[in-house]
Amino acid sequence: MNPDDFRHAIGHFPTGVAVITTTVNGEAHGATVSALSSLSLEPPMLIVCLKDTSRTLTAVKQSGRFLVNLLAEDQADIAAHFATRDGAKLAPTEPGKLPGIPGVLGAIACEVDSMVRGGSHIILMATVTAVEMASAGRPLTYYRGRFGGFLPALTLVKPSD
Ligand SMILES: Cc1cc2nc3c(=O)[nH]c(=O)nc-3n(C[C@H](O)[C@H](O)[C@H](O)COP(=O)(O)OP(=O)(O)OC[C@H]3O[C@@H](n4cnc5c(N)ncnc54)[C@H](O)[C@@H]3O)c2cc1C
């Protein structure tokens, strides 16, 4: 199986976009991700997949905690910023404070429960410790290498309604 063919195929599955942030000794780290999924409701858990060479992954392993910043429709520039290799993508933070990104749809604080290797990536299984949602807003999406928005296609109505 050619990896490029797989990349092309999986690119046809639209996703949301998030930035994973964490802090180690006041130094803040962040990476754009689309490999993010709910895992369990009781207890609340999610998974994130980060490349094994990622500096943000190294920082998450050290801190044991991270924040999932769910990007809003107008935040494609932030997604692009956190997808670069730039050394300092975030200003330093107070030690112990997870770096939040202003204007996001919501933020989910997590503690790492366990890690499993999956090919070139590490699957982080994490317990959700807190959530904070904006009162309104629309999500940033990613499809076939491009950022976009979300348009409801149909409204599901039960026959009895
Ligand atoms: C829409 C979107 C979704 C994405 N989803 C995911 C995802 O789910 N999981 C994921 O892992 N990535 C994902 N990425 C890619 C990810 O955002 C970038 O790789 C980002 O740079 C990771 O940041 P980092 O700080 O974790 O890693 P970085 O430390 O910035 O490293 C990123 C890569 O660059 C290499 N690198 C770093 N510095 C150098 C250097 N000086 N010379 C040579 N190579 C270097 C690293 O080895 C690593 O492979 C996504 C990107 C986009 C745009």
### Query
In the stretch 109-161, what trypsin sites (Lys or Arg not before Pro) fall in a loop by DSSP, with at most 12 other Cβ atoms inside 10 Å?
ARG144
### Task
Please work out how much accessible surface HIS121 shows to a 1.4 Å probe, ignoring ligands, DNA and RNA, in Å² rounded to 10.
60
### Message
Suppose every Lys and Arg Cβ carries +1 and every Asp and Glu Cβ carries -1, with no other charges. What dipole size does the chain come out with about its Cα centre, to the nearest 20 debye?
### Response
280
### Summary
Taking the convex hull of the alpha-carbon atoms of the chain and averaging its shadow over every direction gives an area in square nanometres of 11.8
### Accessible surface, the chain, averaged per residue in Å² (probe 1.4 Å)
63
### Query
What accessible surface, in Å², does a 1.4 Å probe find on THR53, ignoring ligands, DNA and RNA and rounding to the nearest 10?
100
### Query
Considering only protein heavy atoms and a 1.4 Å probe, what is the carbon-and-sulfur percentage of the accessible area of the chain?
57
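The values are calculated or read from the model by the stated rules, or taken from the named source; none is laboratory data. This structure is a prediction, so every number in the text was calculated from the model and none was measured. No Cβ is skipped: glycine too gets one built from the backbone with ideal geometry, and neighbour counts run over all protein chains shown. Calculation scope for accessible area: heavy atoms of the full protein, side chains included, ligands and nucleic acids excluded. Shrake-Rupley method; radii C 1.70, N 1.55, O 1.52, S 1.80 Å.
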